[in-house]
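Enquirer: Okay, here's the structure, questions in a sec.
The values are calculated or read from the model by the stated rules, or taken from the named source; none is laboratory data. If you're wondering where the values come from, they're calculated on a predicted model, not measured in any experiment. Here the Cβ positions follow ideal geometry from the backbone for every residue, glycine too, while neighbour counts run over all protein chains shown.
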Amino acid sequence: MRAAIAAVEADPDISVALVSKVYPMRSHTVSAEGGAAGVAREDDSLEMHGFDTVKGSDFLGDQDVIQYFVEHAPKELTRLEHWGCPWSRNEDGSVATRAFGGMSTKRTWYAADKVGFHMLHSLFQHSLRFDRIVRYDEQFVTKLIVDGGQVRGVTALDIREGVVRCILGRAVVLCTGGAGKIFPFTTNGNIKTGDGMALAYRSGVPLKDMEFVQYHPTGLPGTGILITEATRGEGGHVKNKDGERFLVTRDYGVGKKAELGPRDMISRAIVQEIEAGRGIDSQYGQYALLDLTHLGEEKIDSRLPMVRELCKIYAGVDPVYEPIPIRPVVHYMMGGVDVDIDGKANGVSGLFAAGETACVSLNGANRLGSNSLTECLVFGARSGLSAVNFAKGASAGDDAALAKVGEAEQGRIDALRGKQGGGETLAGIRGDMQKAMESGCGVYREEATMQQTVRDIAELEGRYANLSLEDSSKVFNTEIVAALELENMLDCARAVSNSAASRNESRGAHTRRDATARDDVNFLYHTLCHFDPAGPRLDKKDVTLGRWEPEERKY
Ligand SMILES: Cc1cc2nc3c(=O)[nH]c(=O)nc-3n(C[C@H](O)[C@H](O)[C@H](O)COP(=O)(O)OP(=O)(O)OC[C@H]3O[C@@H](n4cnc5c(N)ncnc54)[C@H](O)[C@@H]3O)c2cc1C
């Protein structure tokens, strides 16, 4: 939506098709709780935000991108307020900011703990002012139409009718979100199936840094529902079964930051506590505790109302009186479609990407909480502008020839719908994929299990060919959508596992038990994963360094 607004504002003559597989307000952004980062206070500076992000990324973030990001973050957040976003305020009327992990001062803007909801609403409402933003809701994009190395639009399955249509355009911006659903236990909504990553990958654009998968330290056991980092920003404590604040009492590398250390380190600390027998048993496995009881009811109700509600409903715990059960949970993909600072995809002209589906290299090996919502604004806007500039000079394709791509897609989908005869089920393949990903590409990784996951996922792609489906109806056939999503997830899972197995060091969220040190001599590069019918092909890309030289990451 930010890209679409930037595009129509930049050029009075263009129109934008906003295509979404769900009603736009149901995008995953709506569930973001904690906040969006941008320098706002006098004791803060762009340099500090820049360095925190570089350090958080374990020196794998591109420093030109980070510089651009921190400069534009406050401008974008202010602009969003002008479009209606109700940021929480301090007593004196200035914008309130809260502490977030890995950030050296309070710089996370928030609207209570319903930040994504308010941000998405503001963007959506503003987008309605432009009749040149034409919405295509509940249309599932199945393919990028690429002709002579240039993207000409997309094919989309109208979920209501079961019909495939071509939506043509001179440029395409992918803003399709992450792929957390390739794992069994995630904070991500069911729609986060890596579709955009797979679309770009199959069209010849490499996926970058896919091995870096962020575990958030505080998810509810069982459901994986997120308990926002704002709980720790507001002063919450992480404890083991003995009530010990192990991030304070033991050496987990977070130093004085304690609960406000970065996510990768806290997730590892919790896993180690559990492995040392200091976790608490439950039917959903072992967990640790997040204690907010000392914050008091008033603070919890004003700053963290949704957390209280979620805990009561989904864990049967009222955080005003009892600690919350928590365990690390898959949350975010640092990797994605390889794009440059303009959002331009590597290898297909006219294609752009922004937000979680893209890897513009802001987050490197580990994202800092609250940088991602701001990333959607800053690089959404920039990629929207880049797309307009490209579209102005681009020729239109041959409509009749392009329509043939739509016919072929319709044929492919008709053949898949209600397909009988294979012995494999959607749930069976999806479950095995998720199990394989957790076992090889979890918080801690090792050569043998990663290699096993690589083999398992390759085998699952074979099994997918024998899929049997049951629903042959056309109207709102959710089974065929799930089948298309599973195909996309398998591509993403393959890219994650192959990229992970190739990185023989520990950096950020990629932590190996059998290669525990970071190795800048051999591995200070971005991993590129190219699609090849014979299996993923890996390549490297330089990291853009700048004023901050890599150093040991200590807090
Ligand atoms: C529970 C939770 C809390 C979070 N809290 C925070 C936070 O406090 N601060 C922060 O910075 N980050 C947070 N994050 C991360 C952040 O919210 C996301 O990274 C970000 O919102 C992603 O936005 P996006 O626009 O890239 O994708 P999304 O919001 O996921 O939107 C993707 C869009 O693409 C569409 N789409 C996808 N595939 C297709 C297809 N095949 N065809 C058509 N349309 C398609 C979808 O319909 C949707 O509209 C949180 C994430 C989660 C899961």
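Enquirer: Of the conditions (1) touching a strand residue (DSSP E or B) at 6+ places or on another chain (Cβ under 9 Å); (2) farther than 26 Å from Thr544 by Cβ; (3) more than 16 Å from the ligand (Cβ to nearest atom), Pro12 fails just one. Which one is it?
Expert: (1)
Enquirer: Of the conditions (1) in contact (Cβ under 8 Å) with a residue 12 or more places away in the chain; (2) at negative phi, Gly102 satisfies every one except a single condition; which number is it?
Expert: (2) is the only condition that Gly102 fails.
Enquirer: Okay, moving on. Among the residues of the stretch 20-40, how many are surrounded by fewer than 22 Cβ atoms within 10 Å (Cβ to Cβ), among the small types (Gly, Ala, Ser), within 11 Å of the ligand (Cβ to nearest atom) and part of a loop (DSSP other than H, G, I, E, B)?
Expert: Going through the stretch 20-40 one residue at a time, the tally reaches 0.
Enquirer: How many residues are under 19 Å from Ser361 (Cα atoms) and surrounded by fewer than 18 Cβ atoms within 10 Å (Cβ to Cβ) when one looks only at the stretch 525-547?
Expert: Number satisfying all stated conditions: 11.
Enquirer: Next up: Would you mention how many residues in the stretch 491-518 are in contact (Cβ under 8 Å) with a residue 60 or more places away in the chain, assigned to a loop (DSSP other than H, G, I, E, B) and charged (D, E, K, R)?
Expert: 4
Enquirer: Restricting attention to the stretch 171-190, does a residue exist that is more than 30 Å from Phe212 (Cα to Cα), modelled with pLDDT of 95 or more and not aromatic (Phe, Trp, Tyr)?
Expert: no
Enquirer: Let me ask something else. With the checklist (1) away from the ligand (no atom under 16 Å from the Cβ); (2) buried (at least 21 other Cβ atoms within 10 Å of the Cβ) in hand, flag the one item Leu260 doesn't pass.
Expert: In the conditions (1) away from the ligand (no atom under 16 Å from the Cβ); (2) buried (at least 21 other Cβ atoms within 10 Å of the Cβ), Leu260 misses (1) alone.
Enquirer: Would you check if there is a residue in the stretch 26-45 being without any contact (Cβ under 8 Å) to a residue 24 or more places away in the chain and not basic (Lys, Arg)?
Expert: Yes, that holds for at least one residue.
Enquirer: Considering only residues that are in contact with a Phe, Trp or Tyr (Cβ under 9 Å, 6 or more places away or on another chain), charged (D, E, K, R) and under 30 Å from Gly442 (Cα atoms), look in the stretch 154-203 and name the one that is nearest to the ligand (Cβ to nearest atom).
Expert: Asp195
Enquirer: Among the residues of the stretch 75-106, which ones are assigned to a loop (DSSP other than H, G, I, E, B), closer than 20 Å to His237 by Cα and of a type outside the set (A, V, I, L, M, F, W, C)?
Expert: Matches in the stretch 75-106: Gly101, Gly102, Ser104, Thr105, Lys106.
Enquirer: Considering only the stretch 472-486, how many residues are acidic (Asp, Glu), in contact with a Ser or Thr (Cβ under 8 Å, 6 or more places away or on another chain) and farther than 16 Å from Gln434 by Cβ?
Expert: Number of matching residues: 0.
Enquirer: Same structure again: So for the stretch 221-242 (the condition being among the small types (Gly, Ala, Ser), within 16 Å of the ligand (Cβ to nearest atom), at pLDDT 95 or above and buried (at least 24 other Cβ atoms within 10 Å of the Cβ)), does at least one residue qualify?
Expert: Looking through the stretch 221-242, at least one residue is among the small types (Gly, Ala, Ser), within 16 Å of the ligand (Cβ to nearest atom), at pLDDT 95 or above and buried (at least 24 other Cβ atoms within 10 Å of the Cβ).
Enquirer: Please verify whether Ala17 is among the small types (Gly, Ala, Ser), more than 14 Å from the ligand (Cβ to nearest atom), in contact with a strand residue (DSSP E or B) (Cβ under 6 Å, 6 or more places away or on another chain) and outside any helix (DSSP H, G or I), treating the condition exactly as stated. Please lay out each step first, then the result.
Expert: Details: among the small types (Gly, Ala, Ser): yes; more than 14 Å from the ligand (Cβ to nearest atom): no; in contact with a strand residue (DSSP E or B) (Cβ under 6 Å, 6 or more places away or on another chain): yes; outside any helix (DSSP H, G or I): yes.
Here the answer is no, as Ala17 does not meet what is asked.
Enquirer: Let me ask something additional. Among the numbered criteria (1) touching a Lys or Arg at 6+ places or on another chain (Cβ under 8 Å); (2) part of a loop (DSSP other than H, G, I, E, B), which one does Tyr321 miss?
Expert: (1)
Enquirer: Then there is this: Which ones in the stretch 383-402 are in contact with a strand residue (DSSP E or B) (Cβ under 6 Å, 6 or more places away or on another chain) and assigned to a helix (DSSP H, G or I)?
Expert: Ser383, Ser386, Ala387, Leu402
Enquirer: From Glu424, Glu438, Glu356, which residue is touching a residue at least 24 places away in the same chain (Cβ under 8 Å), of a type in the set (Asp, Glu) and outside the structural domain of Glu479 (by TED's automatic domain parsing)? Steps first, please.
Expert: On the way: Glu424 fails: outside the structural domain of Glu479 (by TED's automatic domain parsing); Glu438 fails: outside the structural domain of Glu479 (by TED's automatic domain parsing).
Step by step, each of Glu424, Glu438, Glu356 is checked, and only Glu356 is touching a residue at least 24 places away in the same chain (Cβ under 8 Å), of a type in the set (Asp, Glu) and outside the structural domain of Glu479 (by TED's automatic domain parsing).
Enquirer: Continuing with this model, one more query. Quick one: Tyr555 ticks every box in (1) touching a helix residue (DSSP H, G or I) at 6+ places or on another chain (Cβ under 8 Å); (2) more than 29 Å from Glu409 (Cα to Cα); (3) modelled with pLDDT of 95 or more; (4) not acidic (Asp, Glu) except a single one, so which number is it?
Expert: (3)
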